[in-house]
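Have a look at the structure below before the remarks.
The values are calculated or read from the model by the stated rules, or taken from the named source; none is laboratory data. As the structure is a computational prediction, the values presented were derived from the model and not from experiment. Cβ sites come from the backbone with ideal geometry, for glycine too, and all protein chains shown count toward neighbours. The area values use the complete protein model at the heavy-atom level, side chains included, leaving out ligands, DNA and RNA. Shrake-Rupley method; radii C 1.70, N 1.55, O 1.52, S 1.80 Å.
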Amino acid sequence: MNLSILTLAVVLVGAPVPVAAADLESTFQSLKDAEAKGDAAQVKKLAVETGAMAKAAAAEAAPADADEKQAWTDRVKYAQDVQSYTEYALYAVAVKGPAATTVDLMSTLEEQNPKSKYLDQGYGTYLVALTETGASAKIPALVEKGLQNLPENEDLLLVAARNAQAKQPDKALAYANRLVAAANKHTRPENIAAADWDRKHNISLEYGHWIAGVIHGEKQQYLAADKDLRAALPLLKGNDAMMGPALFHLGMANYNLGKMTNSKAKVLEGAKFSEDCAKITGPYTEQAWHNAQVMKTEAGQMR
């Protein structure tokens, strides 16, 4: 954040600085100093104090006198910028600290503004920290609450989809579709490295398409399964635990689509996916091998 704009230039030249503005500037400077030092305890304390002061200042009623409105507009804008910085300070120190500090500061940020863009960026780190501190039992409720305020957050949607996949497939499918839509919509924030953003983007698409594709396959929705799993396939390389189910359902989807359209090529493609699945040791190995033999036999009988 560019701090140079956060000055008291909004005060009219030659006019005395109001006590409230002076107090806000003082606590704001202290917060900047604490954030620069990485002092988590002071950042938490000062972010809460400064945030409350800035919120009150931003709520200042508009003056009736037109001559005073520009100064009022500048004061409100300054207060809003300070308020945003308090959220940034909590986030910046949280993501660099140990897990316990991350949980403490991110939960403070969540209380301060549950719709903060910095909370949106930091939820992934927050969720990992909760697990590392032995508080993973809190994650489901946190995810549900977080999605009410940040419905396109990829980290929350990913956890929600994975948690629901086994016992609530319809709910998981809805989350997975939202995850893919969010990943395709979002662009990289300036403060996130390109490599980190690409990794996060690919994980969202990988799991979103994979979860959706597997569920579509289980529901015998073959066209949708084929579309999602083909999108996931390039991202699954090296991950046999996910590749196995993807290839199995791709095999079944293409076989059935081939039968529906009398396409020998599709049936053979289903056989190839099934053969590739059979090469991966896992719960689908034996059935995939059997499926491949049946598919090739049936393809041989087609014109």
Quiz prompt | Candidates ALA176, ALA181, filtered to the one that is under 28 Å from GLN121 (Cα atoms), under 15 Å from the mean Cα position of the chain (by Cα), at pLDDT 95 or above and open to solvent by less than 50 Å² (accessible area, probe 1.4 Å) | solution = ALA176
Quiz item: Can we say THR102 is over 18 Å from the mean Cα position of the chain (by Cα) and among the hydroxyl-bearing types (Ser, Thr, Tyr)?
Solution: no
Quiz item: Which pairs have Cβ atoms under 8 Å, sit 6 or more apart or on different chains, and link a residue in region 231-259 that is on the phi > 0 side of the Ramachandran plot to one that is surrounded by fewer than 18 Cβ atoms within 10 Å (Cβ to Cβ) and modelled with pLDDT of 95 or more?
Solution: none
Quiz item: Just one of LYS115, LYS145, LYS138 is open to solvent by 20 Å² or more (accessible area, probe 1.4 Å), within 20 Å of VAL43 (Cα to Cα) and modelled with pLDDT of 95 or more; which is it?
Solution: LYS115
Quiz prompt | Odd one out for ASN239, checked against (1) open to solvent by 40 Å² or more (accessible area, probe 1.4 Å); (2) more than 26 Å from SER136 (Cβ to Cβ) | solution = (2)
Quiz prompt | Restricting region 243-258 to residues that are of a type in the set (A, V, I, L, M, F, W, C) and open to solvent by 10 Å² or more (accessible area, probe 1.4 Å), the residue that is nearest to HIS201 (Cα to Cα) | solution = MET243
Practice problem: Inspect region 269-288 for any residue being part of a helix (DSSP H, G or I), open to solvent by 80 Å² or more (accessible area, probe 1.4 Å) and in contact with a helix residue (DSSP H, G or I) (Cβ under 7 Å, 6 or more places away or on another chain) and give the result as yes or no. | Solution: no
Exercise. Assess whether GLY38 counts as being open to solvent by less than 40 Å² (accessible area, probe 1.4 Å), in contact with a helix residue (DSSP H, G or I) (Cβ under 8 Å, 6 or more places away or on another chain) and not charged (D, E, K, R).
Key: no
Self-check item: Those residues of region 141-186 which are of a type outside the set (D, E, K, R), outside any helix (DSSP H, G or I), in contact with a helix residue (DSSP H, G or I) (Cβ under 9 Å, 6 or more places away or on another chain) and within 24 Å of ASP228 (Cα to Cα), in sequence order
Solution: PRO151, ASN153, GLN165, ALA166, HIS186
Quiz item: Can you pull out the residues in region 221-232 that are open to solvent by 40 Å² or more (accessible area, probe 1.4 Å) and closer than 13 Å to ASN254 by Cβ?
Solution: LEU223, LYS227, ARG230
Exercise. For residues that are open to solvent by less than 60 Å² (accessible area, probe 1.4 Å) and part of a loop (DSSP other than H, G, I, E, B), scanning just region 72-107, find the one that is nearest to ASP39 (Cα to Cα).
Key: GLY97
Quiz item: Can you name the residue in region 16-32 that is assigned to a helix (DSSP H, G or I) and more than 18 Å from SER84 (Cβ to Cβ) and is also modelled with the highest pLDDT among such residues?
Solution: SER26
Quiz item: Of the residues in region 118-137, how many are small (Gly, Ala, Ser) and touching a Ser or Thr at 6+ places or on another chain (Cβ under 9 Å)?
Solution: 2
